[in-house]
Amino acid sequence: MKVKLLLIIILAAVVSFTGTKAEKNGRRYEMSAGAGVWSTGNVAFILGDVFLNAVNIAGAVNFEKHTASPVYHVSCKYFPRQRFGIGVTLAAGLEKATGKVENQNDGNLKRFYTNMALEPSYYYLNRRNFKLYVLFGAGILYLHQDYTPYNRDKKVQNLYTADFQFTPLGIKVGNTLGAYLEGGIGYKGIVSLGAFYRF
């Protein structure tokens, strides 16, 4: 809770400090929504739970048949200058796997995670209907996971950890309403796409 409050205070301070330099004309706010694949959590989950290890919740259980939903995300940003924006992004996803002990099915693992991050971005090419940008995000990941064995009690675990996003290449097409495509690494995924609305 303290971390979320700190992120909100930092965002408010940045917006108020830079707001006097904002353009008098133009669209300064942006809402966006999209989906990505192969987020940091997905990769660790599928490659053996290195990032947040399910061994803590299930004991000596091997996990197979990993599946992961796309990582869905929504953002709200403020642009005090034409090329610079800052905002908050929320991301969420769901992952599943089958637990096995000695090659026998033992139970099912489910993970639901949400992420809240502070996310500045910078347009290094800023045309009216075409933009190239870079962004970096840092925030908190909340993860709820439960393992339901077939013949034992369910085990539940809730975790908090830091997470990030680095996107060296983002592409936006459109002005008031448009679409974007991003390539990077982090909580949004290696590739993400979506739509935005500026006002």
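For the reader, a short list of remarks on this structure follows.
- Measuring nothing but how far apart in sequence close Cα pairs (under 8 Å, 6+ apart) lie, relative to its length, region 54-199 scores a relative contact order of 18 percent.
- Taking all protein chains together, ILE171, ILE190 sort by accessible area into ILE190, ILE171, largest first [probe 1.4 Å].
- Legend: residue pairs LYS65/LYS188; LYS77/LYS155; LYS131/LYS188, Cα-Cα distance threshold 31 Å; pairs beyond threshold, LYS77/LYS155.
- The orientation-averaged projected area of the convex hull spanned by the Cα atoms of region 129-199 comes to 6.7 nm².
- Largest-first ordering by accessible area, 1.4 Å probe, given options THR148, THR98: THR148, THR98
The values are calculated or read from the model by the stated rules, or taken from the named source; none is laboratory data. Because the structure is a prediction, the values reported are computed rather than measured. Protein only, heavy atoms only, side chains kept; ligands, DNA and RNA dropped before computing areas. Shrake-Rupley method; radii C 1.70, N 1.55, O 1.52, S 1.80 Å.
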